[in-house]
1. With equal scatterers on the alpha carbons only and no solvent term, can you work out the Debye log10 of I(q)/I(0) for the chain at 0.14 1/Å?
2. Leaving out ligands, DNA and RNA, and with a 1.4 Å probe, what % of the accessible surface on the chain is carbon or sulfur?
3. Over the chain, with the other protein chains present, what is the accessible area per residue in square angstrom, probe 1.4 angstrom?
4. Under 18 Å between alpha carbons, and skipping anything fewer than 8 positions from Lys130 in its own chain: which lysines qualify?
5. Of all trypsin sites (Lys or Arg not before Pro) in the range 100-200, which ones are in loop regions per DSSP and have a Cβ with at most 13 other Cβ atoms within 10 Å?
6. Loop-only trypsin sites (Lys or Arg not before Pro) in the range 31-93, please: DSSP not H, G, I, E or B, and at most 11 other Cβ atoms within 10 Å.
7. I'm checking a number: the convex hull volume of the Cα atoms of the range 28-145, normalised per residue, in Å³. What is it?
Amino acid sequence: MTIAPEEDRLNAQIAFAIEIDKLKRVIRRNHLMDGSRRENTAEHSWYVGTLAMVLGEHAPPGTDLQRVVAMLLVHDLVEIDAGDTFIYDPVAVAAQAEAERAAADRIFGLLPAEQGALMRELWAEFEDRKTPEARFAKALDRFAPILANHHNEGGTWPLFKVTATQVKEKVRIIEEGSPSLGAYALELVELSVARGHLPE
């Protein structure tokens, strides 16, 4: 018996749906704001996607917020294979790009060709940060951990001996995508330093 093309397409989509469930098993360094446990990457993706809707007025004028949300929903799917990269670990960051490219090829390759190409394009746009949408998406991706750590007495910062200087380097990426969120993030950093939750 031959399989109809539409059934092949649905089977590919279901295979992808099953595969991306694995993102719930990827544990990040960051804790929830109440400090009760570490978050998983699927939770992070949902959170920053929702932030794009809530904080959209802080994006550059004309930013396509639907594209930002779509980008944020797919931007970390590569972590199913590549794992979560701690942004303050220079060795891990150096190896990240190659591992994530291979993951993107495999994971997005599970989908029907045009859907896989669209998702891979969203992922690549996010990584390249050349569009206002990608810069705003990346800003939210960097903003969320700063917000969480600030509201969790430093969260992962003291655990990994992260300094205010290192965090401020990440704030520059936020400023590129949203000056107002960048300014707010910088205030959080300064408050965290003043409260003794983040060393200079």
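1. So the normalised log intensities are -0.83.
2. For the chain, the apolar C and S fraction of the accessible surface comes to 57 percent.
3. Value for the chain: 52 Å² per residue.
4. Filter leaves Lys138, Lys170.
5. Sparse-neighbourhood loop trypsin sites (Lys or Arg not before Pro): Lys130, Lys161, Arg195.
6. Arg37
7. Cα convex hull per residue, to the nearest whole number: 107 Å³.
The values are calculated or read from the model by the stated rules, or taken from the named source; none is laboratory data. Given the structure is predicted, the values throughout are model-derived calculations rather than measurements. We place every Cβ from the backbone using ideal geometry, glycine too, and count neighbours over all the protein chains shown. These accessible areas exclude ligands, DNA and RNA; they are computed on the full protein's heavy atoms, side chains included. Shrake-Rupley method; radii C 1.70, N 1.55, O 1.52, S 1.80 Å.
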